[in-house]
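A.B. asks: The structure's right below; bear with me while I get my questions together.
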Amino acid sequence: MKEKYQNYQKQIFVTKHDQNIEEDRISNLPDAVLQHILGSIELKQAVQTSILSKRWKNLWSSLPDLDFDFKRFAGLNDVDLLWPHQNRRFMPRFTDYVSHFLSHRDDASSIRKF
């Protein structure tokens, strides 16, 4: 299984081996397909893909579905949310996070879900 996974990785990502560079097939997909893929992972992870290459740098900024999950951001469970002091501690950081994210969005992109 490990060998199969390594072969798969080699096909997808740009690698340099014996002076041969293989094709990066994922980055050649249309923006709409890449945004669909990014839409299936958490926003934080989608933003982190921006370091993969220049092609990926701004793809996250035009995602149409934005799911900001306070519980996940703060690492809280449903019981913790019942305690107001927990909300007060994390809410300023969460609102800063959401504001920062929105300020770096592509202005030409619409938001379908918030």
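A.B. asks: Using Cβ contacts closer than 10 Å as the measure, can you line up VAL33, VAL98 from fewest to most?
C.D. replies: VAL33, VAL98
A.B. asks: For ASP65 and ASP107 in one chain, what is 0.36 nm times their gap in residues minus the Cα-Cα distance, to one decimal in nm?
C.D. replies: Extending this stretch completely gives an extra 13.7 nm.
A.B. asks: Okay, moving on. For LEU29 and GLU42 in one chain, what is 0.36 nm times their gap in residues minus the Cα-Cα distance, to one decimal in nm?
C.D. replies: Details: separation 13, 0.36 × 13 = 4.68 nm, distance 2.04 nm.
Full-extension gain reported as 2.6 nm.
Where a number appears in this text, it was derived from the coordinates with a stated rule and is not lab data. As the structure is a prediction and not an experimental result, all values here were calculated from the model. Please note: Cβ atoms are built from the backbone with ideal geometry, for glycine as well, and neighbour counts cover all protein chains shown.
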